[in-house]
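Enquirer: Please see the structure below; I have some questions.
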Amino acid sequence: MTEQQKTRIRARLNERVDLLTRRAQALDLTLEHCPDETDQASELARHSLDLALRERESGQLREAQMALARIDSPRFGQCEDCGADIGTARLLARPSTRLCVCCQAEFEQGLSACA
Ligand SMILES: [Zn+2]
């Protein structure tokens, strides 16, 4: 990986941290009390969706922050499972990824795709 590629990945990660931090602050997690039962039901549905969204995005935020902390390590860009190069294209698309394509597939689907 060249310094220029690393700079691009770092910029992606910083953008992501910024965006996710702003979204977390903008999310309204208060549960309104509605006198109407139908309104209350849709308010409850909105609230649980927002909670799930915050849960998912706070995980993504942590991953992006961890990737920023790792980016200067000589092992950044290497698969944490098999040690293979993750590849710059994949890192640019998913900068917080820690696994190569085949280990990721194995992790997600239980497939053994690694050569
Ligand atoms: Zn791997």
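A short reminder: the numbers here are calculations on the coordinates, not readings from a lab. Predicted, not measured: the structure shown is a model, and the values here were computed from it. Cβ placement follows ideal geometry from the backbone for every residue including glycine, while neighbour counts extend to all protein chains displayed.
Enquirer: Limited to segment 85-99, what total is found for residues that are touching a helix residue (DSSP H, G or I) at 6+ places or on another chain (Cβ under 7 Å) and away from the ligand (no atom under 14 Å from the Cβ)?
Expert: Filtering segment 85-99 for residues touching a helix residue (DSSP H, G or I) at 6+ places or on another chain (Cβ under 7 Å) gives 88, 90-92, 95-97, 99.
Within this subset, residues satisfying the condition of being away from the ligand (no atom under 14 Å from the Cβ) are 88, 92, 95-96.
Residues in segment 85-99 being touching a helix residue (DSSP H, G or I) at 6+ places or on another chain (Cβ under 7 Å) and away from the ligand (no atom under 14 Å from the Cβ): 4 in total.
Enquirer: From the list Cys102, Cys82, pick out the single residue that is within 13 Å of the ligand (Cβ to nearest atom), of a type in the set (A, V, I, L, M, F, W, C), touching a helix residue (DSSP H, G or I) at 6+ places or on another chain (Cβ under 8 Å) and over 20 Å from Leu13 (Cβ atoms). Walk me through how you get there before you give the answer.
Expert: Details: Cys102 fails: touching a helix residue (DSSP H, G or I) at 6+ places or on another chain (Cβ under 8 Å).
Just a single option satisfies the conditions, and that option is Cys82.
Enquirer: Output the number of the condition that Ala45 fails; it satisfies all remaining conditions of (1) more than 16 Å from the ligand (Cβ to nearest atom); (2) closer than 18 Å to Gln5 by Cα; (3) surrounded by fewer than 12 Cβ atoms within 10 Å (Cβ to Cβ).
Expert: Going through (1) more than 16 Å from the ligand (Cβ to nearest atom); (2) closer than 18 Å to Gln5 by Cα; (3) surrounded by fewer than 12 Cβ atoms within 10 Å (Cβ to Cβ) one by one, Ala45 breaks only (2).
Enquirer: Further question: Can you name every residue in segment 64-79 that is touching a helix residue (DSSP H, G or I) at 6+ places or on another chain (Cβ under 9 Å) and not small (Gly, Ala, Ser)?
Expert: First pass over segment 64-79, keeping only residues touching a helix residue (DSSP H, G or I) at 6+ places or on another chain (Cβ under 9 Å): 64-65, 67-68, 71-72, 76-77, 79.
Result: Gln65, Leu68, Ile71, Asp72, Phe76, Cys79.
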